[in-house]
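Chemist: The structure's right below; bear with me while I get my questions together.
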Amino acid sequence: MSGGSRVLAGAATVAGGSPATDAEPTEAAVASDGPSGDFARLVPIGGGRRIHLECRGTGSPTVVLVSGARGAADEWASTMDPAHPAAGLKPSPSAVLATVASFTRVCAYDRPGTTRLDGKPSPSTPVPQPTTAEIRSAAPPMPHPLPAAVLTADKPWNLKVGDSGSTWPAWLAAQDDLARELHARHITDTRSGHGIAVEQPRLVADAVHEVVDEARKQ
């Protein structure tokens, strides 16, 4: 799970509107309503492809949770004890998915090629993933300002990229830039490392709630 969310989560951003990312973000984006009822199953998406989708709760707008890197949807139903990170993620009623479902409709899905917490590959149909450039060229520009909040880790961590030294200062600068671009409230007192959504799920859920409330006013 990445250090950035919109609402992304290490850094997390919450945004009302279409999904958006920073470098490998975790997202919570406000989307249009879908079928009602709680479920977790493979859903056909056309072309013989299917994705694993889990939805809970009722209300509008619908929040869509997207994990970063190779994480699947079940991350959003899990938490981690920051004092004992070696214990890993465990399903929890206090996780982001369950908490957000208490105030609006929320869905999470497995992107193709991701890995579930039991170590098994996601059942979502494997497909080549688009590049960032392809996504940007295909996506319409987002209207601004959107309701948004950016959450940033305050416990230093590093991407292991060659011998270039610490990536922490560059990550913090990128998060500042993201918050400015989104005209977002920037939450930096997160008491968390890279995985804010699993280390501090209430903080992320509260940020999502804030954005949902703002989106309902529009």
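Chemist: Straight-line reach from LYS90: which aspartates and glutamates fall under 14 Å, measuring Cα to Cα and dropping same-chain residues less than 8 apart?
Modeler: Filter leaves ASP74, GLU75, ASP81, ASP118, GLU199.
Chemist: Give me, ordered by chain and number, the residues 5 or more places off THR79 or on other chains with an amide H under 5 Å from its own placed amide H.
Modeler: LYS90, SER92
Chemist: Amide H neighbours of VAL64 under 5 Å, counting only residues 5+ apart in sequence or on other chains, H built in-plane at 1.01 Å?
Modeler: For VAL64, the qualifying residues are ALA29, VAL30, ALA31, CYS107.
Chemist: Obtain the nm distance between the two label points defined at ARG41 and ALA170 by a simple spin-label model: each point lies 7 Å from its Cα along the Cα-to-C-beta direction.
Modeler: Result for the modelled spin labels: 4.6 nm.
Chemist: Sticking with this one: Mind checking which lysines have their Cα closer than 29 Å to the Cα of LYS217? Skip sequence neighbours fewer than 8 apart in that chain.
Modeler: Once the sequence-local lysines are set aside, nothing remains near LYS217.
Chemist: So what are the ³J(HN,Hα) numbers for segment 56-70, from phi and the Karplus equation (6.51, -1.76, 1.60; θ = phi - 60°), rounded to whole Hz, Gly and Pro as x?
Modeler: Working through the residues one at a time gives 9, x, 9, x, 9, x, 7, 9, 10, 9, 10, 6, x, 6, 9 Hz.
Where a number appears in this text, it was derived from the coordinates with a stated rule and is not lab data. In this text the structure is predicted, and so the values were computed from the model without any measurement. Don't worry about glycine lacking a Cβ; one is built from the backbone with ideal geometry, like all the others, and counts go over all protein chains shown.
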